[in-house]
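Below is one structure, written out as structure tokens; the observations come after it.
Only the coordinates and a few stated rules stand behind these numbers; no lab work does. Given the structure is predicted, the values throughout are model-derived calculations rather than measurements. Backbone-built Cβ (ideal geometry, glycine too); neighbour counts: all protein chains shown.
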Amino acid sequence: MKSFQALYFDILSSLMIYFSSLLLVMARDQPGIAAIGGLALSNVLQMLVFVQWTVRMWGDVENQMSSVGQLVYYGKTKPEAPFEIPDKKPPSGWPKLGRIEFENIILKYQQFGVAVLKNISCVINSGEKIGIVGRTGSGKSTLLVSLLRIVESCEGKILIDGIDISDLGLHDLRKSVAIIPQEPVMFVGTIRSNLDPFNRCTDEEIWRSLDAVHLGDKIRNSPFKLETPVSENGKSVSQGQRQLICIARAILSKAKVLVLDEATASLDAQTDHLIQETIRANFKDLTMLTIAHRLNTIIESDRVLVMDAGKIVEFDEPIELLKTEGHFHDLCKQAGDAGFSKLKECAESAHAIRVASGYVKPEASGPLTVADIAKSTAP
């Protein structure tokens, strides 16, 4: 396209030179035409160079102005909340219980856009394992976005241990919520810097976390041990090992709330099983929210939260949801008769274990009281 454009400009310039020369020839008898003709021809010959140069520079200016437009747009974007608010610091060791309350949460990605979360209200008790399921676009990931305040809620509030998270600085909130993403993130550096980027943990704690995710022996056998270099995006480590390192990082964070955003969606079944066993063994006392990719990863959860079109349509124990022909029942049926029977068997087994361990229905647990918080924060 650019070559054709250059050809057209050359033809236009050549025509201008031709007609200028023709007019000079026709006016050759005029006095002083020699000086005027020389000046005219020298100027018109410059068109061969400067016309294309002018057009190219104009195109470059247009391209650069689009970047300026982006800078102006982002300059007007409302910034995130401050990392720390000295007057609204949470208590030391917060959260102790990890109880989460969503109260009429409405969230929009744009000010005048459609609400993605619509009046979300639920209570997640301390130590509960919650599976979050739903079809594509139902608002599963957005629920976790609201919890981490990546996008601020338009209405409602979220309480963790009775404290409204919208009053806190982002750093105080996010360091208290561990997350294991679908795409494991590793940075250029070493194994140590990826596990403990702020140098808060001892070597003993780091080795203990690596042993917990079955990577301790592999790292010990490497020449540099914890100082083993990590390339960009962790390309020197396999996908499964990157995910295990993310789990070890979550263990070292010592958070009371853990979020898993389809953490094993891109892994094979064997690695998925290993990671699920690791999570169950190391995070049994944490409040855990898991967005499910495979239903077998959340079928043993204490409760399953089913979302559809930004609303909570079902929220109960898996075995109870399977008894009713609702949204969760339909999702499990898509696994086929054999898959459905396997899921139901796992749900019944998990329910029996919960009953034997004295599991109390969330409806009977009541609201979080000041006495509960004071008891949880006592030394």
(message) Skipping prolines and chain starts, which residues have an amide H placed within reach, meaning under 5 Å, of the one on Leu215, given they are 5 or more residues away or on another chain?
(response) none
(message) Among Val257, Thr297, Leu168, which residue has its Cα furthest toward the positive end of the charge dipole of the chain, with +1 on Lys/Arg Cβ and -1 on Asp/Glu Cβ?
(response) Leu168
(request) With only Lys, Arg, Asp and Glu charged, each at its Cβ (+1 for the first two, -1 for the last two), find how big the charge dipole of the range 177-281 is about the Cα centre; round to the nearest 20 debye. (result) 260 debye
(message) Run the simple label-point estimate for Ala309 and Phe4 please: 7 Å along Cα→C-beta, distance reported in nm.
(response) 4.9 nm
(request) Set Lys and Arg Cβ to +1 and Asp and Glu Cβ to -1, take the dipole of the chain about its Cα centre, and tell me which of Met65, Ile124, Leu286 lies farthest positive. (result) Met65
(request) Give the span of the chain's Cα atoms along each principal axis, as three whole-Å numbers ordered largest to smallest. (result) 117, 55, 54
(request) Under 1.5 on a/c is rounded, so check that first for the range 2-75, then, if it is not, pick prolate when a/b is larger than b/c and oblate when it is not; a ≥ b ≥ c are the square roots of the alpha carbon gyration tensor eigenvalues. (result) prolate
(message) Quick check: the distance between the Cα centres of the range 234-259 and the range 17-72, to the nearest angstrom?
(response) 64 Å
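Kindly rank 317-323, 341-347 from highest to lowest mean number of other beta carbons found within 10 Å of each residue. Don't skip to the answer; put the middle values down first.
On the way: 317-323: 19.1, 341-347: 16.6.
Packing order, densest peptide first, comes out as 317-323, 341-347.
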(message) Using the basic label-point model (7 angstrom from Cα toward the beta carbon), what is the His273 to Ser231 distance in nanometres?
(response) 3.1 nm
(request) Classify the range 231-314 as rounded, prolate or oblate, taking a ≥ b ≥ c as the square roots of the eigenvalues of its Cα gyration tensor: rounded when a/c is under 1.5, otherwise prolate if a/b is larger than b/c and oblate if not. (result) prolate
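Compute the signed sum of charges (Lys and Arg +1, Asp and Glu -1) over the other residues within less than 11 Å, Cβ to Cβ, of Ser176.
Working: positive: Lys96, Arg174, Lys175, Lys254, Lys256; negative: Asp161, Asp172.
Here the charged neighbours net out to +3.
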(message) Can you work out the Karplus-derived ³J(HN,Hα) for every residue in the range 145-154? Use 6.51 cos²θ - 1.76 cosθ + 1.60 with θ = phi - 60°, whole Hz, and x for glycine or proline.
(response) 4, 5, 5, 8, 6, 5, 10, 6, 5, 6
(message) Quick check on packing: order 278-287, 69-78 by the mean number of other C-beta atoms within 10 Å, highest mean leading.
(response) 278-287, 69-78
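Return His329, His171 ranked ascending by Cβ neighbour count within 10 Å, so the fewest neighbours appear first.
So the residues, fewest neighbours to most, are His171, His329.
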(message) Report, in listed order, any pair from Lys284/Lys344; Lys108/Lys311; Lys108/Lys175 with a Cα-Cα distance greater than 19 Å.
(response) Lys284/Lys344; Lys108/Lys175
(request) Under 12 Å from the Cβ of Gly310, count the other residues' Cβ atoms, weight Lys and Arg +1, Asp and Glu -1, and hand me the total. (result) +4
(message) Students often get this wrong: which residues of the range 309-343 have the backbone nitrogen under 14 Å from the point 7 angstrom along Cα-to-C-beta of Lys118?
(response) 309-314
(message) Only four residue types carry charge here, +1 at the Cβ of Lys and Arg and -1 at the Cβ of Asp and Glu. Report the dipole size of the range 76-142 about the Cα centre in Debye, rounded to the nearest 20.
(response) 220 debye
(message) Between Arg354 and Glu62, what is 0.36 nm times their sequence separation minus the Cα-Cα distance? Round to one decimal in nm.
(response) 98.6 nm
(request) May I ask you to derive the FRET efficiency for Val25 and Val51 from their Cβ-Cβ distance with R0 = 30 Å, giving the value to the nearest 0.05? (result) 0.80
